[in-house]
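Following: one structure in structure tokens, then a few remarks.
The values are calculated or read from the model by the stated rules, or taken from the named source; none is laboratory data. Quick caveat, the model's predicted, so the values are computed rather than measured. Cβ: placed from backbone, ideal geometry, glycine included. Neighbour counts: every protein chain shown.
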Amino acid sequence: MDTNQEQAVIGLAGEHVPGERRVALIPADIQRLRSKAVFRVEAGAGLQAGYHDADYIEAGATIVETAALVSGVDVLVKIRPPRNLIPMRPGTVLISLGGRDAELVPLLKAHGIVHLGLERLPRITRAQSMDVLSSQAAIAGYAAVIEGARALDRLLPMLTTAAGIIKPARMIALGAGVAGLQALATARRLGAITHGFDVREAAREQVESIGAKFVFPDVPLAAADGSGGYAAEQSADQQVLLRRALAEPLSTMHLVVTSAQIPGKPAPALIDERTLEAMQPGSVIVDLAAETGGNTTLTCAGETVEVNGIRIIGGTQLPSIFAKDASQLFSGNVRALLEHLLNDGGLLRLDAEDAITQALLAGQSIDEALAVSAEV
């Protein structure tokens, strides 16, 4: 890479997917990075998250219109990949989600775009500060309980009045990852009786440490610990056994938050029509796996479905409910990644020997990517 090259020009684009209110970089993080790169920000990019153009200008960025931004930067940062890749210059490095979108890969290749898919960040210690999936899952777990409580026809906490006593609601999280654990902690703080399920016996300690009862059906399972901290995929027969075993505890629950996912594959179906028939009318299911098929067989991504008096919320934009805080965390992750990728002179560095870079470039030729980055 030419050491005489000027600093990388990094563009921040706004989000135009309905319901997406977050922004990928906030002014405070641009200010921290301004000595290492030149920043251009699409006009109005942060408005829906509470960040104004004036804030970005004060942080050292230049405000530009969409066309000038997309066609004139070395690195484009977004939360979700742009719908139209045509204005982007070949060789542009795109940092965004969408790393598991199979339909996106050929489009990126056809336009010569180098994509650093944020879902592909490795679960290693050095990458923890860059892990957008974990930071946004924490927001989603909190938001799932708030939205679920709004949809319930009963209160979460116990309430004692002169007119009588209202018993606390019963809540369960299916999946004890970051989102599930945050949902349990939030529901418990709001007064619900909480339960947590995971196919990994190792999750018991985490569930019980936040005051929830661990539910572990007595069914034969495959080795449940997968790679990268995720649960391993169960066979179709094992999933059937799980659904039948979960039916009984679910029949006593009022609020269910599901977050079980397998990287790169459809989400496992943990709740089917038969289980729904046994659940109490008025119950609410918030399905955080809706975008990858859902943990119920009737989940509809981005919509609320009602079946036998049970509401199934297919949550796809839950972090955007709390867009300001969600953006702050997402931005902190992106800033950490940019600090890793930019050298002291402000040049983009794609190191073929670096585990983080290799993971982000999965499926792309690292030699080609290095050649492209040297030309931008």
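Residues satisfying the criterion are present in the range 143-153 (criterion: within 30 Å of residue 275 (Cβ to Cβ) and β-branched (Val, Ile, Thr)).
Of all residues in the range 151-173, exactly one satisfies the criterion of being within 30 Å of residue 24 (Cβ to Cβ) and within 22 Å of the chain's Cα centre (by Cα), namely 173.
Results for (1) on the phi > 0 side of the Ramachandran plot; (2) out of contact with any strand residue (DSSP E or B) (no Cβ under 9 Å at 6 or more places or on another chain); (3) buried (at least 16 other Cβ atoms within 10 Å of the Cβ), shown as yes or no for each residue.
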position	(1), (2), (3)
117	no, no, yes
124	no, yes, no
135	no, yes, yes
139	no, yes, yes
159	no, no, no
165	no, no, no
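Residues in the range 121-143 that are touching a His at 6+ places or on another chain (Cβ under 9 Å) and either of a type outside the set (Gly, Ala, Ser) or within 24 Å of residue 257 (Cβ to Cβ) (or both): 126, 130. For the range 81-133, a residue qualifies if it is outside the structural domain of residue 350 (by TED's automatic domain parsing) and of a type in the set (S, T, N, Q), and the qualifying residues are 125, 128, 129. Residues that are within 17 Å of residue 9 (Cα to Cα), crowded, with 22+ Cβ neighbours inside 10 Å and of a type in the set (Lys, Arg) do occur in the range 77-88, at least one of them. Residue 10 satisfies every condition listed in (1) of a type in the set (Val, Ile, Thr); (2) within 18 Å of residue 68 (Cα to Cα); (3) touching a Lys or Arg at 6+ places or on another chain (Cβ under 6 Å) except (3).
Within the range 214-262, the residues that satisfy the criterion of being surrounded by fewer than 16 Cβ atoms within 10 Å (Cβ to Cβ), modelled with pLDDT of 90 or more and not in a helix (DSSP H, G or I) are 251, 252. Looking at the range 62-89, which of its residues are touching an Asp or Glu at 6+ places or on another chain (Cβ under 9 Å), closer than 30 Å to residue 359 by Cα and assigned to a loop (DSSP other than H, G, I, E, B)? Result: 78, 79, 80, 81, 89.
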